[in-house]
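Only the coordinates and a few stated rules stand behind these numbers; no lab work does. This is a predicted model, so every value here is computed, not measured. Virtual Cβ from ideal backbone geometry, glycine too; neighbours counted across all protein chains shown.
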Amino acid sequence: MTDALSTARRHRLLILACMLAILVPVAFLAFPSTARAAQATPTCNPTATNGCVNGILQDSGKQPIAGVTVTLSGKESATTTTDASGKWAFSVTADGSYTVTIDKSVASSHGLPGNTETVSIDKSDFSKQRAVVRFDKANASPAASSKASGSSSSKAKSGSSSSTSSSMSASASGSSSNFGQRFWQQLYSGLIFGLMLALMSVGMNLVYGTTGLSSFSHGEQVTLGGLMTYVGTQMLHWPLIVSGIFAIAIGALTGLIQNEVIWAPLRRKHVGPLQQMIVTIGLSMVLQYLFQFFFGGSTKGIVTSVERGFQIGPITTDRATLISAAIAIVVIVTVTYFLYHTRFGRATRAVSDNAALAAASGINVEHVVRIVWILSCALAALSGVLMGIYLKGIAWNTGAVLLLLMFSAVTLGGLGTAPGALVGALIIGVVADMSSLIIPNDMRYASALAILIIVLLFRPQGIFGKAQRVG
């Protein structure tokens, strides 16, 4: 009896210590940062409280250039990436001179006159401050000015509209000559995105395999990893590596706390997987609103410096992307080795196959599930770190946006199988990015989900799943 009480007391102290480790950095976030940063937005409309710096990046032949990092510096700073039509935009709240920069190698490879343009924003009348930047014409950056009020703003807006029209017509006329390069670039981007998605999905699949629970809050663990990295790099001014380790540790702690406070008690009360899944939906909503409350609705940049891009054949990439992909591959291979060539990995697979039989053979099922939750949330946090670096930022709902793709990956590959999560994620990533070659970019995720439906019609158990008899 005394041993049981002491064990319970140790568990309570462990949970209390873990909760304090989570709440201390979160409490720190409650105090707003004094550093000012512009917001990267898909589109920007000037209002009484903000001005806009935006443009369309296109080459000398008026072809849109997608996937290029654009950096804004001055009174406020931010980074963004051009979309499929070459568009980018920043919303600023401070007046003054701003410098917009793209990578020099991108400018030279596409025949642009330069890679830096300077514009001015005047706070006296923000509602008319829209500075349109053009890199394809030398010294063609119109600077908005409150003195010029209506006429200057109208010219900037009409210039933007005509630029969009010329960009679209030029894209239609010259798309065939640029298709080959876009094909290889999109294939490369799809493989990178698939690796990031696989890192997220492996942990989700491990939890499902050992507990039968489909966790809808797994996406928020991805978001947590990216946001904690943002806290480390931008608020605590730690090196990126230290911030990443900090984020992974926080993710692992949340996995332990979730299991000890929520899932273990529910399992002891024999609450079914369906009811637990509903709990994960509620937990997901709570975490999303907490992230939005503490961090706001804007995208938070993890790294502010601009990586110098380089060419590998027809593919444009940078060092950070290659390192992130290498880390994802190493971690996935390590987890696979852990599952198939270690004693604990074999115990995990035994619990996944038949928990009751595993317990009868002497395996501590609860201990295995606890470690799986810790590992799953740590992997999700790591994927949040890498995804934040790859996407040049993290938002409060990034994980929620990717959640359906994670479910698609694990279902397509086979529920409960780690190799299935990898293969399914690669297929989803490649199909999603490659489909933007023939359909609008906003519909690329729909194509991946359509592939999922088609595959499951012919193989309901997924690629690596085992067919099971029902009834």
Checklist entry - What is the range 244-291 by shape, rounded, prolate or oblate, if you read a ≥ b ≥ c off the alpha carbon gyration tensor as root eigenvalues and call it rounded for a/c under 1.5, prolate for a/b larger than b/c, and oblate otherwise? => result oblate
Next on the checklist: Please list, by residue number, everything in the range 351-392 whose backbone N is under 20 Å from a paramagnetic label point 7 Å out along Cα→Cβ of residue 268.
Outcome noted: 356, 359-360, 363-374
Item to check | In nm, spacing of pseudo-spin labels at residue 261 and residue 441 (7 Å Cα→C-beta vector) | outcome: 3.9
Next on the checklist: Please compare each pair in 104/300; 87/300; 62/87 to a cut-off of 21 Å on the Cα-Cα distance and tell me which ones are over it.
Outcome noted: 104/300
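May I ask you to compute the full-extension gain from residue 312 to residue 333, defined as 0.36 nm times their residue separation minus their alpha-carbon distance, rounded to one decimal in nm?
5.1 nm
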Checklist entry - What spacing in nm lies between the two simple spin-label points modelled at residue 454 and residue 290, each 7 Å away from Cα in the Cβ direction? => result 4.1
Checklist entry - At a Förster distance of 35 Å, what's the computed FRET efficiency of residue 104 paired with residue 45, Cβ-Cβ distance as r, to 0.05? => result 0.70
Checklist outcome for this item: At the level of C-alpha centres, the distance separating the range 317-332 and the range 182-226, in angstrom, is 15
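When a/c reaches 1.5 or more, the comparison of a/b and b/c decides; with that in mind, is the range 318-471 rounded, prolate or oblate per its Cα gyration tensor?
Oblate, because a/c is 1.5 or more while a/b does not exceed b/c.
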Item to check | Footprinting exposure proxy for 52, 44, 377 (fewest neighbouring C-beta atoms within 10 Å first) | outcome: 44, 52, 377
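Mind running the shape call on the range 194-347? Use the C-alpha gyration tensor, a ≥ b ≥ c as the square roots of the eigenvalues: rounded below 1.5 for a/c, prolate if a/b tops b/c, oblate otherwise. Display every interim value, and only then the final one.
Numbers: a/c = 2.20, a/b = 1.40, b/c = 1.58.
Oblate is the answer for the range 194-347, as a/c is 1.5 or above yet b/c matches or exceeds a/b.
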Item to check | Potential extension, residue 115-residue 277 segment - 0.36 nm per residue separation minus Cα distance | outcome: 53.3 nm
Checklist entry - Given R₀ = 25 Å, FRET efficiency for residue 461-residue 249 by Cβ-Cβ distance, to 0.05? => result 0.10
Checklist entry - In nm, what is the difference between 0.36 nm times the number of residues separating residue 241 and residue 342 and their Cα-Cα distance? => result 33.6 nm
